[in-house]
């Protein structure tokens, strides 16, 4: 987006969202998106406000637009990948959710939220084994529970191949 005023209008819309006035923020962001259709940051913020309002279907094209090109800041890209993957899943577009969230998890391997949402999308596409692996690894590496920490190595080992740990009794 060119111009100082455009950035100020974007900042004001973000402030409105943060201050609990999402409807006014949405109105302003829709105006900005119409004026600056190729601006990734405006598209991302417009998607986000639709998500905040539970308007997932309306958020999707803005998330998609925000991810075209390379101008989106890294943290915003992270948010946009998660933001797009989640509505895809909610809207029943689970294969697209898996693709998007896989991309996000590959780009941001330390992001537990992306991994969690990927696991949910994998579950929805009947890829239960991989979903369970992701969640077990995440649990083992991020849990503060002292008992989980005590068994971390075993959990990580079992997560590698869940089927190999099942023995006939």
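With respect to being without any contact (Cβ under 8 Å) to a residue 40 or more places away in the chain, within 19 Å of residue 97 (Cα to Cα) and assigned by TED's automatic domain parsing to the domain that holds residue 7, residue 29 falls outside the description.
Can you tell which of 153, 68, 78 is in contact with a helix residue (DSSP H, G or I) (Cβ under 9 Å, 6 or more places away or on another chain), surrounded by fewer than 19 Cβ atoms within 10 Å (Cβ to Cβ) and modelled with pLDDT of 95 or more? Exactly one of 153, 68, 78 is in contact with a helix residue (DSSP H, G or I) (Cβ under 9 Å, 6 or more places away or on another chain), surrounded by fewer than 19 Cβ atoms within 10 Å (Cβ to Cβ) and modelled with pLDDT of 95 or more, namely 78. Answer yes or no as to whether residue 84 is within 28 Å of residue 38 (Cα to Cα), outside the structural domain of residue 149 (by TED's automatic domain parsing) and either modelled with pLDDT of 95 or more or in a helix (DSSP H, G or I) (or both). Taking the combined requirement at face value, the residue satisfies it.
For residue 107, the criteria (1) closer than 24 Å to residue 42 by Cβ; (2) assigned by TED's automatic domain parsing to the domain that holds residue 160; (3) surrounded by 17 or more Cβ atoms within 10 Å (Cβ to Cβ) hold in every case but one, which is (3). With the structure loaded, tell me whether residue 46 is in the same structural domain as residue 6 (by TED's automatic domain parsing) and without any contact (Cβ under 8 Å) to a residue 24 or more places away in the chain or whether it fails that test. Yes; evaluated as a whole, the condition is true for this residue.
The values are calculated or read from the model by the stated rules, or taken from the named source; none is laboratory data. The shown structure was predicted, so the numbers you read here are calculated from the model rather than taken from an experiment. We place every Cβ from the backbone using ideal geometry, glycine too, and count neighbours over all the protein chains shown.
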